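The values are calculated or read from the model by the stated rules, or taken from the named source; none is laboratory data. Note that the structure is a prediction, hence the values are computed from the model and not measured. Positions of Cβ are generated from backbone atoms using ideal geometry, with glycine treated the same way; all protein chains shown enter the neighbour counts.
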Amino acid sequence: MRHDVRATTYQVAGSGHTNHPSATLWFLEVLGITAVILLGLASDGLACHQPIDPSSLTFYAVQGATNPPKQILTVRTTNTSTKTLTASDNATWLTVSPTSTTMTTSGKITAAVSTSGRSAGTYNATITIKVATWCTYGVPVRLVISPSTTSPPTSTTKSATLAWNAVTNTPITGYRVYVGEAPRLYTRTISAGTLTSATVSNLTVGKTYYFSVTAYNSAGESPGSAEVSRTIQ
């Protein structure tokens, strides 16, 4: 018994070339892979149209006061693959974090501002967010600093300067100034050296203080001078 083995060929009409089934399958397979890649890129491109929430940021602050609260940007895509999320800014008063992380369908970026040393006014900047290699977003950021409406705190303490006549009838080593909050009840002593004046600091506004001066040398200390008082205003 004889068996015939025949090879089957397919001819494309008018081409003069044979078309092997294996070549056709290979072509369709490549075409299918290409279509999948293109569909993947198309879905990624559509993901770029997903909005960032919010689409812009505005911070309000008062000059010299504390910094305003941080704000969060949420990034979303419809692509479920793991991808890199990066963020950057273009202002010294603005900070974003993290600057690089990974995400699947959503990620968050925190924005913070510093008003330290800045004058009242409006400042503008941009946060640039990039998702993988195909999506880049620009988020406008505005910082509004209002002038301070409160006056600088008034000092609660002040100073007083005392002056007296020099002792001329005997050699002295120096003078001492006594300070108290009641007549002849002194709680502080200030050495003035041989000067005939002294400045007494840290006196509370609204209180009345009493002062007396003595002279001293190697023989001892003189009685106090006539007491003077002063209400600090």
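Data for the structure
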{"read-out": "Strands (runs of 3 or more DSSP E) fully within region 175-233 counting 3 or more residues that are closer than 23 Å to Thr157 by Cβ and of a type in the set (A, V, I, L, M)", "value": "185-193, 197-204"}
{"read-out": "Selection within region 166-221 - touching an Asp or Glu at 6+ places or on another chain (Cβ under 8 Å) and of a type in the set (A, V, I, L, M, F, W, C)", "value": "Phe211, Ala215"}
{"read-out": "Evaluation of Thr115 against (1) of a type in the set (Val, Ile, Thr); (2) in the same structural domain as Asn79 (by TED's automatic domain parsing); (3) at pLDDT below 95; (4) part of a loop (DSSP other than H, G, I, E, B) (one fails), failing number", "value": "(3)"}
{"read-out": "Condition met for Ala215 (at pLDDT 95 or above, hydrophobic (A, V, I, L, M, F, W, C) and more than 45 Å from the chain's Cα centre (by Cα))", "value": "yes"}
{"read-out": "Hits in region 161-187 - residues which are within 49 Å of the chain's Cα centre (by Cα) and closer than 15 Å to Val228 by Cβ", "value": "Thr161, Leu162, Val179, Gly180, Glu181"}
